[in-house]
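Coordinate-derived values only; no laboratory data. Please read these numbers as outputs of a predicted model, since none were measured by experiment. Every residue, glycine among them, receives a Cβ derived from its backbone with ideal geometry; neighbour counts consider all protein chains shown.
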Protein chains: 2
Amino acid sequence: MRLVVKIGGSVLDRDISDIARDVRGLRDHGEEVVLVHGGARKVTEVAERMGKKQRFVLSVSGFRSRYTDKETAEIYTMVISGLLNKHIVASLSREGVRSVGLSGIDGFLIKAERKERIKVREGGKVILIDGDYTGKIVEVNRGLLGCLLSAGYVPVIGSVAIGQEGEFLNVDGDRAAASVAGAIGADVLVLLTDVPGVLDGGKLVRMLSRSEARLTVPKLEGGMRRKVFAALEALDAGVKKVFISSGLGPEPITSTLRGKECTVIVNE
Amino acid sequence: MRLVVKIGGSVLDRDISDIARDVRGLRDHGEEVVLVHGGARKVTEVAERMGKKQRFVLSVSGFRSRYTDKETAEIYTMVISGLLNKHIVASLSREGVRSVGLSGIDGFLIKAERKERIKVREGGKVILIDGDYTGKIVEVNRGLLGCLLSAGYVPVIGSVAIGQEGEFLNVDGDRAAASVAGAIGADVLVLLTDVPGVLDGGKLVRMLSRSEARLTVPKLEGGMRRKVFAALEALDAGVKKVFISSGLGPEPITSTLRGKECTVIVNE
């Protein structure tokens, strides 16, 4: 089985040795694993320590995102692909997993189109902001991932993309994971977060069909809205099942695949 | 031909599109190229901006080095493998070169032994300092580099190593390049810097045999002392020729190989 696992920032802030051990078990059973991660909180922490105040905006489609000017794009790239990515690779190494850390910049792994101008809601009005370095993913280099997987490595991908002019672009980690999963023909995408799944009135939703998920998106807020949206993109790209599950506790991936309480989103 | 090129920090501070174009030409002629880089100045700049003052020490063997406590090791890793490494990969991409950025942490690429305690000279005395995160390179994973070279990629390696406990370690870029060159059986190692080569009384030394180089090391200072030392390590590891040459101007690598004024160090 080929699976892509996205590790959310809320999980990354803690010790990820449970995840590393779980990946080792999966590899020992012959599964092919690709990890994808973001790391928004750490980016904010380092940026503010460098005296670069971060600004967040709400897009017209209802997604909260970081306003990424050129300097923020540099810091974003540096923290995600130089700090968090290497911490994950080191954690995997400690558990004996051979892994290689990459960003979307490496080998044109994640190509994106820069959205230079973004439409945001501010104080009840819609305004346009220039100079943004966020991207819409257009292509994933499956060849590079295939090469590393064949050689027995676990690719660990930080959610930074490369633009047409070689610029660093901020892309959402869940959507990057969905694109990667689609491109390499993954059977399963697991989005690990710090809650058990999609909640409806405080109650966990165990399963959503594609059409149910589509109706659910507008009712959700924040990170979960983005996750279900990414899950739909993954299904559209041919992935069979997407799990949204808690990344905390032992064997978070294996227990999810074995039926732990979480949300699974499937094709009809 | 297989060649390893180390790009010095003084060169990295400028636009490296000349180097990127040169690498493209070499690739077009079928040469296999691996790039190695450090980036000490940028590390200092980011660290100080983060409020982390940097301290430099002089080892008993006469090498000036950064005192790398745990926090500095994190910043060092972040800046080298997340910022400088990705800038080099992006520059290569702009020239159409497919490259993959790595650090020594990825796939255990550069394993090192941590030197927890360093002996330094301070005010005429020799003192011991604890808590350092620098490493002595013990092994290079040639398999990972072979895999990427076979697939047509130019590996770009930031000089960070991984310790036995998965810790991030500061290793010198020139010596990392020498170890990589030895491990992959490179024919040639080119150390690109901001001067034309080894100078003796202001005059360029065009050629040094191994024994001459050994006698020259103690007379040299700073970066050049380290480069000649690294060149000797490369020769010991089986590399045939080491060039110390200027990385400035067009085609810095090709012109060096074709006989530009520089220093070449060869086996007797």
Subject >> Antiparallel bridges, percent of DSSP beta bridges restricted to the protein assembly as shown (to nearest 5) >> reply: 45
Original post:
Measuring from a point 7 Å past the Cα of A:Asp187 along Cα-to-C-beta, which residues in segment A:242-268 have an amide N at less than 12 Å?
Top reply: A:257-258
Original post:
Looking only at other chains, what is the average number of their beta-carbon atoms within 10 angstrom of each beta-carbon in B:91-102?
Top reply: 4
Original post:
Dimensions of chain B along principal axes (Cα, Å, largest first)?
Top reply: 51, 39, 32
**OP:** For A:Gly249, go 7 angstrom from Cα along the Cα-to-Cβ vector, then report the distances to that same point in the other copies in nm, smallest first.
**Re:** 6.6
**OP:** Using only Cα atoms, figure out Rg for the protein assembly as shown and give it as a multiple of 2.2 N^0.38 Å.
**Re:** 1.00
Original post:
So which aspartates and glutamates pass the test for A:Lys240, namely a Cα distance under 15 Å, with those fewer than 8 places away in the same chain ruled out?
Top reply: A:Asp187, A:Glu268
Original post:
Which value in nm describes the separation of the simple spin-label points at A:Glu268 and B:Gln164, placed 7 Å from the Cα toward the beta carbon?
Top reply: 6.1
Original post:
Can you run phi through the Karplus equation (6.51, -1.76, 1.60; θ = phi - 60°) for segment B:102-112 and list ³J(HN,Hα) in whole Hz, with x for Gly and Pro?
Top reply: 9, 10, x, 6, 5, x, 6, 4, 10, 8, 9
Original post:
What FRET efficiency do you get for A:Arg14 and A:Arg214 if R0 is 22 Å and r is their Cβ-Cβ distance, rounded to the nearest 0.05?
Top reply: 0.10
Original post:
Cα centroid distance between segment A:3-23 and segment B:174-240, in Å?
Top reply: 43
Original post:
Taking every DSSP beta bridge that has both residues in chain A, what percent is antiparallel when rounded to the nearest 5?
Top reply: 45
Original post:
Taking the axis that carries chain B onto chain A, what is the nearest Cβ in chain B, and at how many Å, to the whole number?
Top reply: B:Gly82, 1
Subject >> Local net charge near A:Val57, Cβ-Cβ under 11 Å (Lys/Arg +1, Asp/Glu -1) >> reply: +3
**OP:** Could you tell me what % of all Cα pairs in segment A:76-141 have separations over 16 Å?
**Re:** 64
Original post:
In nm, what does the list of distances from B:Asp236 to its counterparts in the other copies look like, shortest first, when each label sits 7 Å along Cα to Cβ?
Top reply: 5.8
Subject >> chain B: calculated mean residue ellipticity at 222 nm from DSSP helix runs of at least 4, using -39500 (n - 2.57) >> reply: -10000 deg cm²/dmol
Subject >> Label point 7 Å beyond Cα along the C-beta direction, distances from A:Phe63 to other copies (nm, shortest first) >> reply: 4.6
Original post:
What share of the DSSP beta bridges in segment A:172-268 is antiparallel, in percent to the nearest 5?
Top reply: 40
Original post:
Other chains' Cβ within 10 Å of B:39-50 residues: what's the mean?
Top reply: 1
